[in-house]
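Please read the structure below before turning to the comments.
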Amino acid sequence: MVGHEKEWSWDEFHQLPFETITKDIHCVTKWSKLDASFGGVSMDVLLEEVEPLDAFAMFHSYGGYTTNLPIEDNQRRQGLGW
């Protein structure tokens with residue numbers, strides 16, 4: 001649950017701080033990709049806009065895809081070394 005929902009237009013989203021990180025990906029089907037680079041807006045920036053009131057967040061994307069994620073596991077300030 002959040003204090004308020006937030007939706008960004010394409011232009012608004014591109015005005016948010018952009019960063020690039022490099023991480024290893026390990027799939028449950030037993031393959032890995034080392035040193036994969038990803039670019040985008042950090043969860044910390046997005047969460048500042050919605051004021052989370054619960055432990056999980058539901059994300060919706062183009063094409064109808066959704067996922068729920070623990071907020072704590074996706075924040076840099078939680079010491080995950082992003």
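Roughly speaking, what is the stretch gain from residue 65 to residue 7, that is 0.36 nm per residue apart minus the C-alpha to C-alpha distance, in nm to one decimal? It would help to have the intermediate numbers written out before the result.
Working: separation 58, 0.36 × 58 = 20.88 nm, distance 1.55 nm.
Once the chain is fully extended between residue 65 and residue 7, it gains 19.3 nm.
Show me, for the range 17-27, the HN-Hα J-couplings you get by feeding each phi into the Karplus relation (A = 6.51, B = -1.76, C = 1.60, θ = phi - 60°), rounded to Hz, glycine and proline as x.
These are the phi-based 3J(HN,Hα) values: x, 9, 9, 10, 10, 10, 9, 8, 10, 10, 8 Hz.
Given (i) 3, 11, 18, 24, 24, 13, 6, 1; (ii) 3, 16, 27, 27, 18, 6, 1, 0; (iii) 3, 15, 24, 25, 18, 10, 4, 1 as candidate values of P(r) over Cα pairs in 5 Å bins from 0, in percent, which corresponds to the one derived from the coordinates?
From the options (i) 3, 11, 18, 24, 24, 13, 6, 1; (ii) 3, 16, 27, 27, 18, 6, 1, 0; (iii) 3, 15, 24, 25, 18, 10, 4, 1, the structure gives (i).
Report the local net charge at residue 4: Lys and Arg +1, Asp and Glu -1, summed over other residues whose C-beta lies under 10 Å from its C-beta.
Details: positive: 6; negative: 5, 49, 51.
Value of the local net charge: -2.
What list of ³J(HN,Hα) couplings, whole Hz, do you get for the range 34-45 from phi and the Karplus terms 6.51, -1.76, 1.60, once you set θ to phi - 60° and write x for glycine and proline?
With the stated coefficients, the range 34-45 comes to 8, 6, 7, 9, 10, x, x, 9, 6, 4, 4, 5 Hz.
Laboratory data are not the source of any read-out in this text; all were calculated from the coordinates shown. Predicted, not measured: the structure shown is a model, and the values here were computed from it. Please note: Cβ atoms are built from the backbone with ideal geometry, for glycine as well, and neighbour counts cover all protein chains shown.
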